[in-house]
Structure formats: structure tokens, C-alpha cells
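Data first, discussion second: the structure below is written as C-alpha cells.
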């Protein structure tokens, strides 16, 4: 029984007090075996073209100083978030990316590793990055403070952006569907049409948010080199 509107995001399905909802995180692994076929199908060719375009774009963003193969970290992040966002649109599949547990677990280690690498290997560049070029001397302490705060809150903004967008769409779909019982028959068709439009919008949001979190992570990584 749903006690409140946010209870749809509770991982309530359990077996021997072990939550089974989080197993939906691994459902994206079902799509991986397609890459091992001798004759690739259309789905694999389409997905391979997306990965190739992402690889070229991330390689451009990271610059010439990046390590070989570093783009695959962000391609894996994109794939993981995209699969979880999309699968969460299906009925009875738990949306793990709507929880800060997952989104923070993705953004915080990435940001922390970027910071450690940058301050250990390129500390002079990291100090110079805190003060934009052309800043007046009197504003330098304030710019250092502002840049430090904006740098610290980056993993939080990455996680909250993904979580909030996933929650907002699912809440709207649930809220509209729960009002269907009180609607007259002729309004049910309008409600179904609106739900379909919202579902298409949520599919677009699932792609956009996985792309945004990956692009921002790539940009944060390029700043430490």
C-alpha cells in the first residue's frame, strides 16, 4: 500500500530482509552479450555507432594530454546511467538512479579521483585554476573562495541533478495515473494520451541526463590536466 507519493521510490521488495529492488541495477547487463555475436545485429550496430561518436567527442574534450583509453570510463558511465534510466520507465522495475545512493556513488569517486590526481601531479595548475585570468587583486580572495565552494559541491550537483530529474518525471506519471479512477470515461482517453506524451518526454530525459552527467564528468576530468 502506498502511504505517500514518494513511497514508489522505496526499495520495499525484499527476501530474507535483503532488498531485491537494487538488483534492477544489473539488468543492463542483459544488453551486453549482443557484442559477442559473430554477425552483429542492428541493435549492436546502432549502439556501436553511438559509442564511436561518444568516444570521438570525449577524446576532443579531454584533449591531447589524456591517457589512452580514458574515454571508456565515461562511455561505461553513460551506458550504466542510460540503461538504468530507461529500464526504470518499465512497470515494476525499480529506478535505482532516482536515489542519491547510486548517483552519489558514481559522482563522488570520480570527482575525488580527479581532485587527488590534479593536486598531486598538477598542483600549480590547480592553484592557477582558482583565479580566472584578469581578476583584480582585490577580488582574488573572494574568487578563490567561490571557486573552492563551486569545486566542492560538484559531486553533489551531479548527483542531485540526475536524481531530481528521475524523481520529477516518475512522480508526475504516478500522480496523473492515480487520478484516473475519478475521471469520467471520455477524459480517460485524454489522460492516456497525456501519459504517452509524458512517457516520450521521460525517454528523452533519460538520454539527456545520462549524457549530461557524462559530459560534465569529462569536463571536470579535463580541468585537472
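The values are calculated or read from the model by the stated rules, or taken from the named source; none is laboratory data. These figures come from a predicted structure and were not determined experimentally. Neighbour counts are summed over all protein chains in view; Cβ atoms, including those assigned to glycine, are modelled from backbone coordinates with ideal geometry.
Exactly one residue out of 175, 198, 191 is in a helix (DSSP H, G or I), more than 19 Å from the chain's Cα centre (by Cα) and free of Cβ contacts under 8 Å to residues at least 24 places away in the same chain: that is 191.
Can you spot a residue in segment 130-145 that is touching a helix residue (DSSP H, G or I) at 6+ places or on another chain (Cβ under 7 Å) and either in contact (Cβ under 8 Å) with a residue 24 or more places away in the chain or exposed (fewer than 11 other Cβ atoms within 10 Å of the Cβ) (or both)? Within segment 130-145, none of the residues are touching a helix residue (DSSP H, G or I) at 6+ places or on another chain (Cβ under 7 Å) and either in contact (Cβ under 8 Å) with a residue 24 or more places away in the chain or exposed (fewer than 11 other Cβ atoms within 10 Å of the Cβ) (or both). Checked against the criterion of being in a helix (DSSP H, G or I), surrounded by 11 or more Cβ atoms within 10 Å (Cβ to Cβ), in contact with a helix residue (DSSP H, G or I) (Cβ under 7 Å, 6 or more places away or on another chain) and modelled with pLDDT under 70, segment 16-27 contains not a single residue that satisfies it.
Put simply, of 90, 86, 114, 94 the only residue that is free of Cβ contacts under 8 Å to residues at least 40 places away in the same chain and either surrounded by 14 or more Cβ atoms within 10 Å (Cβ to Cβ) or within 17 Å of residue 205 (Cα to Cα) (or both) is 90.
If you go through segment 66-85 and keep only what is within 15 Å of residue 26 (Cβ to Cβ) and more than 11 Å from the chain's Cα centre (by Cα), you end up with just 76.
Please determine whether any residue of segment 149-171 is touching a helix residue (DSSP H, G or I) at 6+ places or on another chain (Cβ under 6 Å), in contact (Cβ under 8 Å) with a residue 12 or more places away in the chain and outside any helix (DSSP H, G or I). Within segment 149-171, none of the residues are touching a helix residue (DSSP H, G or I) at 6+ places or on another chain (Cβ under 6 Å), in contact (Cβ under 8 Å) with a residue 12 or more places away in the chain and outside any helix (DSSP H, G or I).
Looking at segment 119-129, which of its residues are surrounded by 11 or more Cβ atoms within 10 Å (Cβ to Cβ) and assigned to a helix (DSSP H, G or I)? Passing the criteria: 119, 121, 125, 126, 127, 128, 129.
Looking across segment 89-98, the residues that are touching a helix residue (DSSP H, G or I) at 6+ places or on another chain (Cβ under 7 Å) and assigned to a loop (DSSP other than H, G, I, E, B) come down to 89, 93, 94, 95. For the condition at pLDDT below 75 and not in a helix (DSSP H, G or I), residue 31 does not qualify. None of 222, 182, 217 is out of contact with any strand residue (DSSP E or B) (no Cβ under 6 Å at 6 or more places or on another chain) and modelled with pLDDT of 85 or more except 217.
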